[in-house]
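The values are calculated or read from the model by the stated rules, or taken from the named source; none is laboratory data. Predicted, not measured: the structure shown is a model, and the values here were computed from it. Backbone-built Cβ (ideal geometry, glycine too); neighbour counts: all protein chains shown. All accessible areas refer to the heavy atoms of the entire protein, side chains included, with ligands and DNA or RNA removed. Shrake-Rupley method; radii C 1.70, N 1.55, O 1.52, S 1.80 Å.
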Amino acid sequence: QVQLVESGGELVQAGDSLRLSCAFSGRTFTNYAMGWFRQAPGKEREFVAAITWSGDNTYYADSVKGRFTISRHNAKNTVFLQMNSLKPDDTAVYYCAAKVGYRTSYSGAEYDYWGQGTQVTVSS
């Protein structure tokens, strides 16, 4: 059984940087594409970033391109989301997700496993 545990969320100020981590356990990490999603109060869950199982391709939502970077450290079974130049609109609960196979997806419905989420709050 796959388990995902996010960490690193906290209260920061606009313009700050923050790195989120997601620890993967239970199966072979490199068999899964990984994604980050977020959900703000009163809003739908939205795609943030994704990475293929070997880290050869990455994808980003337009709202975070140039500011966020997704990466994975396969030896540690961990995926990261480096967030720079944070804005108040980035405030949300951030979730990591795992999808069986090489291809990523923008749709959360296509992911097989989810973490519990970590809160990121960006003040003005």
- [ ] List the strands (runs of 3 or more DSSP E) that sit entirely inside the stretch 1-116 and contain at least 1 residues that are open to solvent by 50 Å² or more (accessible area, probe 1.4 Å) and either in contact (Cβ under 8 Å) with a residue 60 or more places away in the chain or among the polar types (S, T, N, Q) (or both).
- [x] 3-7, 11-13, 18-25, 32-39, 58-60, 68-73, 78-83, 92-100
- [ ] Output the residues belonging to the stretch 65-93 that are touching a strand residue (DSSP E or B) at 6+ places or on another chain (Cβ under 7 Å) and either within 10 Å of Cys22 (Cα to Cα) or small (Gly, Ala, Ser) (or both).
- [x] Ser71, Arg72, Asn77, Thr78, Val79, Phe80, Leu81, Ala92
